[in-house]
Each structure stands twice: as C-alpha cells, then as structure tokens.
Protein chains: 2
Amino acid sequence: MAQALAEAEKAFAADEIPIGAVVVFENQIIGRGYNQTERLRDVTAHAEMLALTAAANYLGNKYLSDCTLYVTIEPCVMCAGASYWAQMKAVVFGAEEPKVGFRRHGALLHPRTKLRGGVRAEECAALMRKFFSLKRK
Amino acid sequence: MAQALAEAEKAFAADEIPIGAVVVFENQIIGRGYNQTERLRDVTAHAEMLALTAAANYLGNKYLSDCTLYVTIEPCVMCAGASYWAQMKAVVFGAEEPKVGFRRHGALLHPRTKLRGGVRAEECAALMRKFFSLKRK
C-alpha cells in the first residue's frame, strides 16, 4: 500500500484526484497506475485500470489470477468490473468510498477474489481530503 | 446499431468475441470499438471502453453527456461503470446478456442515462451464437 500511496502522490502532484494503485505478483510490483482522468480526458483512466492493463502487458496474460491489486481508495463499479474480468486473486484497498465505491452495489467482484479494506486508510483518505480542500480554496 | 454490428463483425473476423460499439454525437459517429481483449491481452479492451475513449478523445472532453452509446450486447458491470463516469445521455444495446450483463446488479448507470435494449437483438445475438458454435467445433 506504500507503493500505491506513492502513485497517489503522483496524481496529487499532477492535479488529479489522488488515487494510486499497484498490482503485485510473487512479491513484485508488475503494474502501477495513478488517476489520470483529467490529463487523458478519459473516464476510463482510473489508477486501477492503468495498473491492471500494465500488469497484463507485463505478464502477457489478461488473467491476473495470481495477482493482488492494491489501491488507496475503494474501487468504483468500473474498476471492480475490470478486476472481475481479470479474476484477481485479491483486492486490497485503503479508505472506503461510501458514495461511488463498488460495495454499495453488492457482490461485483469475482467469486475467487478476496477483498480487504482499511489498509492505511487514514493516510489514503488524508491525501484525498487535502486535494479537495485545496480545490475548494 | 448497424454500425455497432459492423464493429462486431470486425471482432468476429479477428477471432474475438463479436461485440461492437459506437458512440454517436449529433447524428455523427465519434467513437468506434470492437472487442479486442485477446489481441491486446487486456480485459479492459471491451468494445464499449474503446469507443468511449475514442469519443472522449474526439471531443476533448471526458464527459459524453450529449452522446449515445450503441453496443450490440448488454454491457457488463465495467462498461456500465465507465458509462456512469462519462454521464452518457443514453445507452442502447442489442441482445440481452443475462449472465454477465450489468442489469442483474441493479441501477449502475448514471441517473441521467436513458437505457434501451433489444435493438436488432436477434442479429446481435446470432453473431455471438455463430462465434461460440465455431469455437466449440
């Protein structure tokens, strides 16, 4: 999650909503991403999507069934759906996202995917609060 | 939908699950896509995702709030989530997808997005049946 937070810091520095993600396979990071929806003007450019695509490129396999996705904020429906197709081994997130997080829509993850939340949640949430508080000024 | 079907035929010819999509703005197609998950080895390369990204690139705007997405098969959770973020004006699909279509998970579209299904459903479904029947041989 430290590395996902480092990605989120990159998003913050780029004036993007600060969410970061990494994909880990056999204790190694094989995909990274930070939110780039503004720069790329593309709603699909969420941190998780970029990290999943990078990891699949690295492995040469669209299935990431031995990989864990770490992301600083609870994924949205789109990203949960992507993790479903990738058949992720696990999804680990930092802070909850009650408004647009996927969990309010029920079981969207693949049945084989383990889910864990609340990992370094306070740091992950603090970066978001800092971003939006600066935006409001 | 004829143009979305033409995209699906491209997927079929490329030995990909034959699903196609177009995005229409002011009676003009501004984004096209066909499923390329095998070629790109990327679960995010669904027809809808590629068409949405292409349309946003064309408009220089990640919001497609005056655009309609036409897709031959009912979108999955990931693609419904992407259409949510893009705040699509409408989503029109051909054949239903009872197993992995988004509708079984409830209201995943943006509240402003109008939904219509069953447009040229039989042609859209027939192309899928043809593909999977060849695969089984």
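What follows draws every value from the coordinates through simple rules; no lab data is involved. Owing to the predicted nature of the structure, the values given are computational and were not obtained by experimental measurement. Backbone-built Cβ (ideal geometry, glycine too); neighbour counts: all protein chains shown.
Please give the net charge around B:G20, taking every other residue with its beta carbon less than 12 angstrom from that of B:G20, where Lys and Arg add +1 and Asp and Glu add -1.
-2
Please give the FRET efficiency for A:S133 paired with B:A13, using the beta carbon to beta carbon distance and R0 = 41 Å, rounded to the nearest 0.05. About 0.20, to the nearest 0.05. Across peptide B:68-78, the mean count of Cβ atoms from other chains lying within 10 Å of each residue's own Cβ comes to 3. For the segment A:83-89, counting C-beta atoms of other chains within 10 Å of every residue's C-beta and taking the mean gives 3.
Against the empirical 2.2 N^0.38 Å (N residues), chain A has a Cα radius of gyration ratio of 0.96. With K and R counted +1 and D and E -1, the other residues having a Cβ less than 10 Å from that of A:A121 yield a net charge of -3. Looking at this model, which pairs from A:K62/A:K114; A:K114/B:K114; A:K89/B:K135; A:K89/A:K135; A:K114/B:K99; B:K99/B:K130 are more than 25 angstrom apart at the alpha-carbon? Table pairs above 25 Å Cα-Cα are A:K114/B:K114; A:K89/B:K135; A:K89/A:K135. Highest average first, the peptides A:66-76, A:124-134 ordered by how many other beta carbon atoms sit within 10 Å of their residues are A:66-76, A:124-134. Taking Lys and Arg as +1 and Asp and Glu as -1, the other residues whose beta-carbon sits under 9 Å from that of B:I73 total -3. Amide H to amide H, with H built 1.01 Å from N, B:E97 comes under 5 Å of B:E74, counting only residues 5 or more places away or on other chains. Put one equal scatterer on each alpha carbon of the protein assembly as shown, apply the Debye formula with no solvent term, and list log10 I(q)/I(0) at q = 0.13, 0.14, 0.15, 0.17 1/Å to two decimals. Ignoring solvent entirely, the Cα scatterers give -0.82, -0.95, -1.08, -1.35. A crude spin-label estimate for the pair B:R112 and B:V100, with each label 7 Å from Cα along the Cβ direction, gives 3.0 nm. Rg and Dmax of region B:9-88, based on Cα coordinates, read 11.8, 33 Å.
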